[in-house]
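The values are calculated or read from the model by the stated rules, or taken from the named source; none is laboratory data. Note that the structure is a prediction, hence the values are computed from the model and not measured. All Cβ positions, glycine included, derive from the backbone under ideal geometry; neighbour counts span all protein chains shown. Ligands, DNA and RNA are excluded from the accessible area calculation, which covers all protein heavy atoms including side chains. Shrake-Rupley method; radii C 1.70, N 1.55, O 1.52, S 1.80 Å.
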Amino acid sequence: MPPRSHVLLEANYRQLLDDPPNVAVLPWGATEAHNYHMPHGTDVYEAQLLAEHAAGAAAKQGAKPIVLPVVPFGNDGQQLDQVATISIGTATAMAILSDVVSSLQKQNIDKLVILNAHGGNEFKPLVRDLQAETGMFIVVVNFWQLIPDLVNKIFAPPGNGPGDHAGELETALMPHLTPDLVALDQAGPGAMHDFALKTLRQSGVWTPRPWSATHPDTGAGDPRKATADKGKRCFEAMSEKVAALLAEVSQASKGQLPYV
Ligand SMILES: [Zn+2]
């Protein structure tokens, strides 16, 4: 297999000079426990493999994407009691993002898509500031939110529902992507405990979950009916959505974007 020119870790300088990219994709994960049965790198694999797959499909549609190396750490501030979990704070995330943006702008790449795989990563305030300061066109994709209708259909009863973290949806993706790294027979039920204070349980009110107390096996959602086939259907549908976005953004001219 020749190196894929849309994956920066594989591409050589000759390929990139001959066919320069115009939209960068930054996969962003987290390294954290996913119940007892999935790798700590689950979000990293998901972000990287989805970005590569979607960018490949977008390139076939005439887009010029380049997938950057994945950022492996995310905001895990409420999971620091779990072994070997590293959390990066918002200031660190801003520093990384801001350096990525200023580097890309020096190479005339002025469109960036962040492909986020971790619910604890919040990019909106960072992007609002950076877009206003630099003019870089930045799009954030939370991949698990891309296909709500299909997800609700696939994980409807007798399934257990998609779950929130290491649940049936996320557990289904991994046997499709990295079958050797999933030990489903070790999975806990992914049960969640509510907050003791009932006023914290209403919509419109939020405080971060103290993860180990609210999620005893670290999972949120029962993973035990997940299958690779369900994961494949979701992955392909998500990839199609990301590819279409990359194709449209890549081919858009400056005047069509919010920043002229
Ligand atoms: Zn995850």
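Here are a few things to note about the model shown:
- Of the numbered criteria (1) more than 16 Å from the ligand (Cβ to nearest atom); (2) assigned to a helix (DSSP H, G or I); (3) open to solvent by 10 Å² or more (accessible area, probe 1.4 Å); (4) in contact (Cβ under 8 Å) with a residue 40 or more places away in the chain, the one residue 58 fails is (3).
- Sub-6 Å Cβ pairs linking a first residue in segment 118-130 that is in a helix (DSSP H, G or I) to a second residue that is away from the ligand (no atom under 11 Å from the Cβ) and at pLDDT below 95, at least 6 apart or interchain, number zero.
- Being open to solvent by 10 Å² or more (accessible area, probe 1.4 Å), over 30 Å from residue 190 (Cα atoms) and either in contact with a Gly (Cβ under 8 Å, 6 or more places away or on another chain) or in a loop (DSSP other than H, G, I, E, B) (or both) is a description that does not apply to residue 160.
- Set side by side, the residues 238, 192 differ, and just one is in contact (Cβ under 8 Å) with a residue 60 or more places away in the chain and in contact with a helix residue (DSSP H, G or I) (Cβ under 8 Å, 6 or more places away or on another chain), which is 238.
- Taking first residues from segment 81-103 that are outside any helix (DSSP H, G or I) and modelled with pLDDT of 95 or more and partners that are among the polar types (S, T, N, Q) and open to solvent by less than 30 Å² (accessible area, probe 1.4 Å), the Cβ contacts under 8 Å between residues at least 6 apart in sequence or on separate chains come to 87/79.
- Check on residue 30, open to solvent by less than 50 Å² (accessible area, probe 1.4 Å), under 30 Å from residue 189 (Cβ atoms) and of a type outside the set (Val, Ile, Thr): yes
- Among the residues of this structure, residue 76 does not count as one that is in contact (Cβ under 8 Å) with a residue 40 or more places away in the chain, open to solvent by 20 Å² or more (accessible area, probe 1.4 Å), of a type outside the set (Gly, Ala, Ser) and not in a helix (DSSP H, G or I).
- Qualifying positions in segment 113-141 - open to solvent by 30 Å² or more (accessible area, probe 1.4 Å), over 13 Å from the mean Cα position of the chain (by Cα) and within 30 Å of residue 211 (Cα to Cα): 124, 125, 128, 129
- In segment 36-55, residue nearest to residue 182 (Cα to Cα) [restricted to those that are within 16 Å of the ligand (Cβ to nearest atom) and open to solvent by less than 10 Å² (accessible area, probe 1.4 Å)]: 37
- Within segment 16-35, restricting attention to residues that are of a type in the set (S, T, N, Q) and within 16 Å of the ligand (Cβ to nearest atom), the residue that is farthest from residue 107 (Cα to Cα) is 35.
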